[in-house]
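Everything below concerns the one structure shown next.
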Amino acid sequence: MKNSFVIKGNLCQTIHAGELDLHPNAYAVCVNGVSKGVFETLPKEYASLPLYDYGDALIFPGMVDLHVHAPQYAFRGMCMDLELKDWLNRYTFPQEEKYENLEYAQKAYGMFVEALKKGATTRASVFATRHRYATELLMQLLEESGLVSYVGKVNMDREASEALTEESAEISAYNTFGWINATKDKFKNTYPILTPRFIPCCTDKLMEELRQIQMAYGIPVQSHLSESKGEIDFVKFLRPDNPFYGDSYNEYDLFGKNDDIGTDVKTVMAHCVWSTDEEVELMRKNGVFVAHCPASNMNLTSGIAPIRKYIDLGLNIGLGSDVAGGHSDSIFRAITDAIQVSKMYFRMVNEADKPLVFSEAFYLATKGGGAFFGKVGSFEEGYEFDAVVMDDSVLPHPQSLNLAERMERAVYLGLDEKKVTAKFVAGRKII
Ligand code: GUN
Ligand code: FE
């Protein structure tokens, strides 16, 4: 049987938000790429499967990056002195223009994919640029890496630099058709996702074209929503008839499910820092995923997303690195950032919204975002088998620690950037 084996080690996961599920020295069984669950002693029926014994290593479900810009990886950790609009114009658009050149794209995307592969991320929802062929090249590289990803050729026909603005809505749509047709059945683990950059960069005509494309192909959607106050004011100016920002995606049926017309468009919106109650209610009703990107929200001085409120309301939520608004591609880092910003929100904004605890943020990074990909993010029976194996002996400690302590410490101290010894994606061993 392909992709069938047993792994042994210290298994750490969150089945429910707010509760660690820890199994020292236990077995996780994978059959045909799907988990059969965690066992303290190995059931006889699995005894003949190959065994990877990882000794005293830590084993986590793979991390899910629900929002990352591949072309921006090249300038991560730089250009952190401006807010969203100026940051886009001054740094981001000039960087993204370079992906017209396939030689540059090959080099820069190669580095991005290599980094993602080496770390703890097993799945990602990725923005490329507006360039069709560089996007296809990125998809090829991601496919070869073994990771599972959604990748979007970006649509943008206004409010960007001349070189990055598509010539017209029709040309944007034409290139999007070409790209989807070329990629939708080409790869096993890499799928196209419709990617209007955000409302400021998309004319009404383009949004209408994207509605048609979505209907024709049934593919999911990713974009940005209510990230910064200046952006929201600008959207209000551009689309005065929409009562709130998210309504301008919803108007084109690019905002989750719509029971009135019987559509269900899987959608992820990054940020949602300043969403109004109405917007949040529509996201809840439509099952729209929030990609919470705390590092980016700090770096671009956008604000703090009220994640406790979204959790209490039962929204679908995952974490995103938002490289290069976020400077690190590590989702371990996003976990600790999410906890830290929630503490600041609690202290500075609203003491009714309790800070996140570690197990809640870990859940968002695994099962929370994993739900965008299906049954992903834990070792429960029936889940796709994504696992990261790490050796925390590289983080010496003077006394012996229990498994909960080791798990938290591995995340806070960035073990994903130090020592990933093995990695499995849907039961395929990629490291
Ligand atoms: N809004 C539109 N484009 C972008 C982008 O590239 N990064 C972030 N953080 N927000 C955006
Ligand atoms: Fe983003």
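No lab work stands behind these numbers, since they all come straight from the coordinates. A quick note: this is a predicted structure, and the numbers were derived from the prediction, not measured. Neighbour counts run over all protein chains shown; Cβ positions are idealised from the backbone, glycine included.
Remark: the chain carries a charge dipole of roughly 1140 debye about the Cα centre, counting +1 on each Lys and Arg Cβ and -1 on each Asp and Glu Cβ.
Look at the dipole of the chain built from charges on Cβ: of 140, 221, 30, the Cα furthest out on the positive end belongs to 30. With axes computed from alpha carbons, what is the tilt in degrees of helix 204-217 against the longest principal axis of the chain, rounded to the nearest 10 within 0 to 90? On a 0 to 90 degree scale, this one is about 40. Counted over the chain, the DSSP beta bridges are approximately 45% antiparallel. Against the chain, whose longest principal axis comes from its Cα atoms, helix 229-238 is set at around 40 degrees. Extension gain for residue 402-residue 277 works out to 40.8 nm (0.36 nm per residue, less the C-alpha to C-alpha distance).
Our coupling estimate for region 261-272, obtained by passing each phi through the Karplus curve with A = 6.51, B = -1.76, C = 1.60 and θ = phi - 60°, is 10, x, 9, 9, 9, 4, 9, 10, 10, 7, 5, 6 Hz, Gly and Pro reported as x.
Maximal additional length on extending the residue 102-residue 413 stretch stands at 108.3 nm, based on 0.36 nm per residue less the C-alpha distance. Between residue 81 and residue 25, the distance separating the two model label sites (each 7 Å from Cα on the Cα→Cβ line) works out to 5.6 nm.
So which trypsin sites (Lys or Arg not before Pro) in region 351-431 are both in a DSSP loop and have at most 15 other Cβ atoms within 10 Å of their Cβ?
On the way: sites: 367, 375, 406, 409, 418, 419, 423, 428, 429; in loops: 375, 418, 419.
When the trypsin sites (Lys or Arg not before Pro) of region 351-431 are filtered for loop state and at most 15 Cβ neighbours within 10 Å, 375, 418 remain.
For region 7-75, run through the GluC sites (Glu not before Pro) and keep only the ones in DSSP coil with at most 13 other Cβ atoms within 10 Å of their Cβ.
Values: sites: 19, 40, 45; in loops: 40.
Answer in residue order: 40.
Taking Cα atoms only, the orientation of helix 102-118 departs from the longest principal axis of the chain by about 30 degrees. What pairs in 343/423; 266/419; 367/419; 2/44; 117/229 have C-alpha atoms more than 25 Å from each other? Flagged as over cut-off: 343/423; 266/419; 117/229. About its Cα centre, region 309-371 has a charge dipole of approximately 100 debye under the convention of +1 per Lys or Arg Cβ and -1 per Asp or Glu Cβ, with nothing else charged.
Across all Cα pairs in region 73-167, the calculated P(r) in 10 Å bins from zero up to the longest distance comes to 15, 47, 33, 6 percent per bin. Computed from backbone phi with θ = phi - 60° and the Karplus coefficients 6.51, -1.76 and 1.60, the 3J(HN,Hα) list for region 165-182 is 7, 5, 4, 6, 4, 5, 5, 4, 5, 4, 5, 5, 4, x, 5, 5, 4, 6 Hz; x is used for glycine and proline.
At 0.36 nm per residue, minus the direct Cα-Cα distance, what do residue 163 and residue 44 gain on full extension? Give it in nm, one decimal, please.
Details: separation 119, 0.36 × 119 = 42.84 nm, distance 6.21 nm.
Contour length minus Cα-Cα distance gives 36.6 nm.
Please state the Cα pair-distance histogram of the chain with 10 angstrom bins from zero: what percent is in each bin? So the P(r) values, bin by bin, are 5, 23, 33, 25, 11, 3, 0.
Summary of packing: across the peptides 10-18, 319-327, the per-residue average of other C-beta atoms within 10 Å ranks them, highest first, as 319-327, 10-18. Centre-to-centre, using Cα atoms only, region 68-115 and region 380-431 are separated by 29 Å. I want to verify a result. In a Gaussian network model of the chain, Cα cutoff 10 Å, which of these has the top mean-square fluctuation: 175, 286, 350? In this elastic network of the chain, the residue with the biggest mean-square fluctuation among 175, 286, 350 is 350.
Close amide H contacts of residue 422 (hydrogens built in the peptide plane, cut-off under 5 Å, sequence separation of 5 or more or a different chain): 389.
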